[in-house]
Amino acid sequence: MNKQYEGMFVVSPAVGDGDKALEPVQRVLDRAGAEVLVCKRWDERKLAYEIAGQKRGIYVLTYFKADGDRITDIERDVQLSEQILRVLVLQAGDLTAEVMNTPTPAETGHSPSGDLSGPPDRDRDRGRRDGRPRSSGESFHGGRGESRPPRPAGRPQAESPARSESADQSESTDQSGSADQSEPDRHGGESSQ
């Protein structure tokens, strides 16, 4: 049974601009027997990390109908391709033709995130976990190795076995330093003086 899918392909910029970036994607979809509904260039962007020695990639957005078993064939063909760097395929049965034909950043001439020249500010939209906005002086800290705040004074700490033995010894001695006569010593007998 054919289902509707959305596919985002990252194509190497070495393929070329314009419609040349669409050709390797269309070849992969044709080979899988997919019915291409929409195939358009999304945008060219700087990649978060290098993929196959490429620092930039051309994003191609596609909507197509295909049998669910053929998705693994598409992903395998992408892995074997030197022109397509990555692919993400999602099921998109609820999308209408109007949504599929929404203009892309390449068609409108602007990016949804604004300036494409530099890396995105990852912490810009990250707020606090309690929902309040972060103040300008507050920075994001996370991960291991950070110092923890001191424990509140009213909170009891667990005693270790070594500490509890020394506490028992100090309790069995009175203020003058002599051992309590009624307590047995550690060897099981009564202590004698």
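The values are calculated or read from the model by the stated rules, or taken from the named source; none is laboratory data. What you see is a predicted model, and the numbers here were worked out from it, not measured in a lab. Glycine also receives a Cβ, built like all others from the backbone with ideal geometry; neighbour counts cover every protein chain displayed.
One residue is enough: does the stretch 101-119 have a residue meeting the conditions polar (S, T, N, Q), modelled with pLDDT of 85 or more and part of a loop (DSSP other than H, G, I, E, B)? Before you say what the answer is, go through the steps one by one.
Taking the stretch 101-119 as the starting set, the residues that turn out to be polar (S, T, N, Q) are 101-102, 104, 108, 111, 113, 117.
Pick out the ones that are also modelled with pLDDT of 85 or more and you get none.
The answer is no, given that none of the residues of the stretch 101-119 is polar (S, T, N, Q), modelled with pLDDT of 85 or more and part of a loop (DSSP other than H, G, I, E, B).
Those residues that are free of Cβ contacts under 8 Å to residues at least 60 places away in the same chain and surrounded by fewer than 16 Cβ atoms within 10 Å (Cβ to Cβ), I need them from the stretch 31-47; list them, please.
Hits for the stretch 31-47 are R31, G33, E35, L47.
Kindly provide the set of residues from the stretch 1-59 that are of a type in the set (A, V, I, L, M, F, W, C), closer than 22 Å to P103 by Cβ and not in a helix (DSSP H, G or I), ordered by number.
The answer is M8, F9, V10, V11, L22, V36, L37, V38, C39, W42, I58.
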